[in-house]
Each structure stands twice: as C-alpha cells, then as structure tokens.
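Take a look at the structure set out below.
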Amino acid sequence: MIRREASGIPFYSFKAFDEHSEIVHAVFTRLGGVSHSPYRALNVGSSVGDAPKAVEENCRLACQAMSVSGTQVVTAWQVHGNNVGVVDARDWGRVVPETDALITNGSEVNLILRFADCLPIFLYDPQRRVIGLGHAGWRGTAAKLASQMVSAMIDSFGCDPSNVLAGLGPAIGPCCYEVGPDVAQAILPTLQNLQSAIQPSGDGHFSLDLWEANRQQLRHRGIKQIEVGHVCTACHADEFFSHRADKGSTGRFAALMGIRNSS
Ligand SMILES: [Zn+2]
C-alpha cells in the first residue's frame, strides 16, 4: 500500500487500483479529524461514544479529501456476519442493516465501512465495473465473508473472478493477534494452507493472520491478483484505531470505495 495525503488527511491506497482512475478508494487513519481522545481524531464510528457532530464532521472531511459527495454514500450496520448488500444510487444515505460487505456497479455510489483491527477487503472487476468493500474480523473470516462477496459479484453482475483485483488493507497482524483454540477451530475449515495462517503461540493459543486467511479464501474462489497491505493496526495504534491496543475504548477509521462518474 501507499501512504498519501489529500486536504491534510492521510490515507492508504492500493497500487493494484492505481491504474484504474475510475476508482476512488482509501483506507483512512485516525489522523486528520476533529474528535478528542480516545476517539482522536478522524473517528467515523457513531456507536462508540463520540460526539455525533464530530463524527459527522469527520465523515465530511474524509469524503471531501476524496472529492466524494457526502450525500452519495452508502454504509452498513456491521455485525461481524457474512451478509453482502447489493446497492445502487437509490441507497444513497442508507445504513444497510446487519451487513458486513457492500457491492455495487453504480457510479458515485460510494461505499464506506468502519474498522478498528478488522480487515478491510476491497474488490474491483474492471471488466464489469463492479466494486465490493467488506469488513472481516475472525467471525467474518470464519463465516467466509470474502467468499460471499465473490459469490455476490458473480450472481448479481456476472463477474469472472479471474478479472477481479483484490486489496486487503490495514488490520491487526499476526504479530499482535493471539486467539484461543475456539477461534482457531472456527477458521480452520476455511483454510487451504493451515500453517501460513495459524501458528501456535504457546499456552494453547494461536496467532491468527487475517490477511493470509482471507487471501486464501479469495484465491480459492479464483482471484489471482491480490495486494496485501501488511500494516498492523495494533503495532501502529498511534496511526490507526485498534480495538486491542486501545483496550476497547477507541474510535473507528474509515475505508471508502467508489466508481467515479465517467461522464
Ligand atoms: Zn502488530
């Protein structure tokens, strides 16, 4: 991933999407917004205890940095499940209930999801001009959210996975993500190669690599071009909101993806 800045707001983007100027996408950090500690500063989470006015302003700042209209946004009430919402311009301003991924082929239908350690999954099919944005922690990974996103792109828009580009954004890395045997057991059936995603870390615990587990899921579905942004949110809690590093009292950073109007 590449770290960039627009209107004083830092964000990360994928090299893989760079040549596709019709795509707008970003993973924001916690820097550049108006919220105060523990939500300092660019918090877009409205259910974490931050002042609603500050959250609203942060969303406006993030959209403005990407030259995206704040009214042409669709978001979701994220519940660590595997529901995928297929949306279009009629959904502008909507919060899609109990959904952890959004898919669209509509221009200026800007998808925004919120993160604090979970994995942002970006998908783009340049042939069909279809995008997908997902949110997967261990529950979403175990429930095969990434795979569900691919299915939705095939079923709703006829996408061919071999054309799809994928980006896996900043998330809690295996360096910091120790899980119990129950979590390891839940992820196990989704993996093609166990060792590269789950390693024993002592005392019956395991370190879980969300990037690798989701990369395997996407590869298994036929996606070949996958860029993994190995940026650990817990190692960089000064730059990202991290549920673990901040011991639960923290904000949410935004991931945004949209297709620009070509006219
Ligand atoms: Zn780490």
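The values are calculated or read from the model by the stated rules, or taken from the named source; none is laboratory data. Values in this document were obtained by computation on a predicted structure and should not be read as measured data. All Cβ positions, glycine included, derive from the backbone under ideal geometry; neighbour counts span all protein chains shown. With ligands, DNA and RNA removed, areas are computed over all heavy atoms of the protein, side chains included. Shrake-Rupley method; radii C 1.70, N 1.55, O 1.52, S 1.80 Å.
Model label sites at Trp77 and Trp92, defined 7 Å from Cα along the beta-carbon direction, differ in position by 2.4 nm. Normalised by 2.2 N^0.38 Å, where N is the number of residues, the alpha-carbon radius of gyration of the chain equals 0.93. GNM remark for the chain: springs join alpha carbons under 10 Å apart, and the peak mean-square fluctuation among Gly45, Gly204, Gly81 falls on Gly204.
Straight Cα distances below 22 angstrom link Lys144 to the lysines Lys224, with same-chain residues fewer than 8 positions distant left out. Around the Cα centre of the chain, unit charges on the Cβ atoms of Lys, Arg, Asp and Glu (plus for the first two, minus for the last two) sum to a dipole of about 180 debye.
Fully extending the segment from Arg260 to Glu178, taken as 0.36 nm per residue of separation minus the present Cα-Cα distance, adds 25.6 nm.
Taking a ≥ b ≥ c as the square roots of the eigenvalues of the Cα gyration tensor, the range 126-245 is classed as prolate, since a/c reaches at least 1.5 and a/b is larger than b/c.
With all projection directions averaged, the alpha carbon convex hull of the range 195-237 covers 3.9 nm². Placing a label point 7 Å from the Cα of His20 along the Cα-to-Cβ line, the residues of the range 134-150 whose backbone N sits under 20 Å from it are 134-136, 145-150. Distance from the C-alpha centroid of the range 84-104 to that of the range 1-59: 20 Å, rounded to the whole angstrom. In percent, rounded to a whole number, the relative contact order of the chain is 24, using alpha-carbon pairs under 8 Å and six or more apart. Computed 3J(HN,Hα) for the range 103-120, one whole-Hz value per residue from the Karplus formula 6.51 cos²θ - 1.76 cosθ + 1.60 where θ = phi - 60°, is 10, 7, 10, x, 5, 6, 9, 8, 8, 10, 10, 10, 9, 7, 3, 5, 8, x, glycine and proline marked x. For the chain, a Gaussian network of Cα nodes joined below 10 Å ranks Thr75, Thr233, Thr190 by mean-square fluctuation, and the top entry is Thr190. For Gln127 and Gln192, the FRET efficiency from 1/(1 + (r/R0)^6), where r spans their Cβ atoms and R0 equals 30 Å, is about 0.70.
Counting pairs of alpha carbon atoms under 8 Å apart in space and at least six apart in sequence, what relative contact order in percent does the range 127-206 give?
On the way: 47 pairs, mean separation 25.0, N = 80.
So the answer I get is 31 percent.
Give the percent of DSSP beta bridges with both residues in the range 1-132 that are antiparallel, rounded to the nearest 5. Present the calculation step by step, with values, prior to reporting the outcome.
On the way: 12 of 20 bridges.
If we restrict to bridges inside the range 1-132, about 60 percent are antiparallel.
Distance distribution note for the range 1-155: the fraction of Cα pairs above 24 angstrom is 30%. Please identify which residues in the range 87-110 have an amide N closer than 15 Å to a label point set 7 Å out from the Cα of Ser67, following the Cα→Cβ vector. Output list for this probe position: 108. Count the DSSP beta bridges whose two residues both fall in the chain, then state the antiparallel fraction as a percent rounded to the nearest 5. Beta bridges within the chain, antiparallel portion: roughly 75 percent. Our summary gives the range 58-160 a relative contact order of 26 percent, counting only alpha carbon pairs under 8 angstrom and 6 or more residues apart. I'd like the distance separating the alpha-carbon centroids of the range 124-157 and the range 239-263, in whole Å. Centre-to-centre (Cα) distance: 18 Å. Computed over protein heavy atoms with a 1.4 angstrom probe, the accessible surface ordering of Thr29, Thr71, largest first, is Thr71, Thr29. Taking a ≥ b ≥ c as the square roots of the Cα gyration tensor eigenvalues, the range 183-263 comes out oblate, since a/c reaches at least 1.5 and a/b does not exceed b/c.
Specify whether the C-alpha gyration tensor of the range 44-122 places it in the rounded, prolate or oblate class, a ≥ b ≥ c being the square roots of the eigenvalues: rounded for a/c under 1.5, otherwise prolate if a/b is larger than b/c and oblate if not. Taking the square roots of the gyration eigenvalues as a ≥ b ≥ c, the range 44-122 is oblate. Per-residue accessible area (protein heavy atoms, 1.4 Å probe) orders Cys176, Cys232 as Cys176, Cys232, starting from the largest.
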